[in-house]
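Here's the structure we're looking at; comments come further down.
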Amino acid sequence: MNKKLVGFLLIFALLVAFALNNSTLVQNFVIAPLNNIKQLYHTAFSYARDTVNQHFYQQEYLEQLQEKLKLYEKNHLISHQIASELNRLYQENNATFSSHPDLALVQGLSYVTLGDMNKIWLHMDDFNSSKIYGLVHKERVAGIVIAKNNQPLALLNNDPKCSYAVSIGKHKAPGIIHGRNQQEMLIEFIPSWIPIHVGDEVVTSGLDNLFFSNILVGTVTKLSQSQGYRNATVLPYYQESDIGFFHVITQVR
């Protein structure tokens, strides 16, 4: 009896193995559900892993933002105190000069036209259509803000109508920079007797009443001569890929 049972089980196992190896219908019936279970397992595992990683990443990122916020608040308070002390000093010496710089957070809404990525409509409170403003993104010059149809329009660095005063290198050579519808900008009217070099850093001079002084603009990539002056080609730090939020300098001093 036992031999018959063992023989029956052996024959049954052989038949099942043969069916699994040769029958597409049986394979689909057995293997497909197993694959679905595997896929469900991997999906659930990946989701759980990504959720845990995202949680820890968000927590770490939040801690970094909190530390940066503390630093910015500290620097803001220090700057405010320095400005207050300077104003008090001017008052004690009967000076008429005072300094009250100010900025406003603005939001980029959309490109004016899809074919031109250098012009952006902005949402800006308390916009004065008679003024031109300096536009800053993450402590780097992004362009200027003008009025069009009484609405704030950002002309980004590469726009030909975007221009402002800058200084170059450690000798602070003055010049006027403007866009050229290219990746690089051009500084003109640089006095030829002031030494400048490829690789020099370009910052705002603050002499145009648009920007504070020493805001980062870019680096010099090429020099040329023109009618007694020198020209410098500049690769700007700000690139137009991010048009979310900016700071507008509403008052220089």
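Brief remarks follow.
- Mean Cβ neighbour count within 10 Å, used as a protection proxy, ranking 218-227, 127-136 highest first: 127-136, 218-227
- If the chain linking E188 and L207 were pulled fully straight, counting 0.36 nm for each residue of separation and taking away their Cα-Cα distance, it would gain 5.3 nm.
- Considering all C-alpha pairs of segment 163-236, those separated by over 18 Å amount to 27%.
- In this simple spin-label approximation, N94 and Q66 carry label points 7 Å from Cα along the Cα→Cβ vector, and these lie 5.3 nm apart.
- Going from the residue with the fewest nearby Cβ atoms within 10 Å to the one with the most, H247, H123, H100 rank H100, H123, H247.
Readers should treat all values here as calculations from the given coordinates under stated rules, not as data from a laboratory. Keep in mind that what you see is a predicted model, and the values were worked out from it rather than measured. Ideal geometry is used to build each Cβ from the backbone, glycine not excepted, and the neighbour counts take in all protein chains shown.
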